[in-house]
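Right, one structure below, let's go through it.
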Amino acid sequence: MKKLLLCSLLASTLVYGEQRAWEFGVNGGMTSIKNKDSINLENGTFGFSIQKNRKGLKPRFDFDYVTIKDETVKLGNAGTIPEATSLIKGSINGVYEFQSSVSNFYPYILAGIGYENVSDERDLKK
């Protein structure tokens, strides 16, 4: 049963392997901001990308949102507060794919410019 499921999944990916006019991607995961002693995956990440497929240089837009839980600032005897609560990243890129004679090998270069906005919701008046 497992082999049948695996084969059907592989076959379905080959069906959708043709070049489309647009590519859409969604990503999610966990990340760590501070890594002094170990990796603490406490920060959720969500993002998406959009790419226009055409000959030559392909335009691509990426957006990512990261929640930040492990960045803190010490306030003396008052304890600690979050240094930042979220990170928003956006970028405009160009993707160039090289021709390859090897099956299932598609080298590419991605370069562009981006912007990050770090926000906090702390109230230091307390």
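The values are calculated or read from the model by the stated rules, or taken from the named source; none is laboratory data. Just so it is clear, the model here is predicted, and its values are computed rather than measured. Here the Cβ positions follow ideal geometry from the backbone for every residue, glycine too, while neighbour counts run over all protein chains shown. Just so you know, the surface numbers come from the protein's heavy atoms only, side chains and all, with ligands and any DNA or RNA stripped out. Shrake-Rupley method; radii C 1.70, N 1.55, O 1.52, S 1.80 Å.
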Output the residue which, of all residues in region 45-78 that are open to solvent by 30 Å² or more (accessible area, probe 1.4 Å) and of a type in the set (Gly, Ala, Ser), is modelled with the highest pLDDT.
56
I need a count of the residues in region 109-126 that are assigned to a strand (DSSP E or B) and at pLDDT below 90.
4
Under the condition of being open to solvent by less than 80 Å² (accessible area, probe 1.4 Å), in a loop (DSSP other than H, G, I, E, B) and in contact with a strand residue (DSSP E or B) (Cβ under 7 Å, 6 or more places away or on another chain), which residue from region 84-104 is modelled with the highest pLDDT?
85
